[in-house]
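Contents: one structure, followed by commentary.
Readers should treat all values here as calculations from the given coordinates under stated rules, not as data from a laboratory. Small disclaimer: the values here were computed from a predicted structure and weren't measured. All Cβ positions, glycine included, derive from the backbone under ideal geometry; neighbour counts span all protein chains shown.
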Amino acid sequence: MITPRVFADLHNADAEGRLRLNCIGTIEDLANQSLELRDGQLLTIYSEDLEVDGVVQFSEEEKLWVAAIDWDKIRQVEDFVVQAKV
């Protein structure tokens, strides 16, 4: 099974260090992939050239979806350029 990849702002964390999944880029990615968030769901979260794996949780305090991530496991994503042969 392929883990869905969605945008999140890495500067938008709650007091517990979980990423809030409420920015426009996240909402657009979820809509484009017809994804509905649920507790325990695995996501690959990206922001520009960084990505990290996370587990979706519902924040009862803030009444919104968040993703628990390991901040030490954020990785750099290489840009792959495909060149057409002429």
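So how much slack lies between GLN41 and VAL55, counting 0.36 nm per residue of separation and subtracting their Cα-Cα distance, in nm?
The span from GLN41 to VAL55 would gain 4.5 nm if fully extended.
Explain nothing, just compute: Karplus ³J(HN,Hα) = 6.51 cos²θ - 1.76 cosθ + 1.60, θ = phi - 60°, for every residue of segment 14-29 in order, whole Hz, x for Gly and Pro.
7, 4, 8, x, 8, 7, 6, 9, 10, 7, 4, x, 5, 4, 5, 4
Could you list ASP14, ASP29, ASP49, ASP72 so that the one with the fewest beta carbons within 10 Å of its beta carbon is first and the one with the most is last?
In increasing order of surrounding Cβ atoms, one gets ASP72, ASP49, ASP14, ASP29.
Give me the extension gain from ASP14 to GLU78: residue separation times 0.36 nm, minus the current Cα-Cα distance, reported in nm with one decimal.
20.3 nm
For segment 19-72, which GluC sites (Glu not before Pro) are both in a DSSP coil and crowded by at most 12 other Cβ atoms within 10 Å?
Here the GluC sites (Glu not before Pro) that fit, given the DSSP loop and packing criteria, are GLU36, GLU48, GLU60, GLU61.
Taking a ≥ b ≥ c as the square roots of the Cα gyration tensor eigenvalues, with a/c under 1.5 meaning rounded and otherwise prolate when a/b beats b/c, else oblate, which class fits segment 5-71?
rounded
Take every Cα pair under 8 Å in segment 5-71 that's 6+ residues apart, average their separations, divide by the length, and report that relative contact order as a whole percent.
Once divided by the residue count of segment 5-71, the mean separation gives 33 percent.
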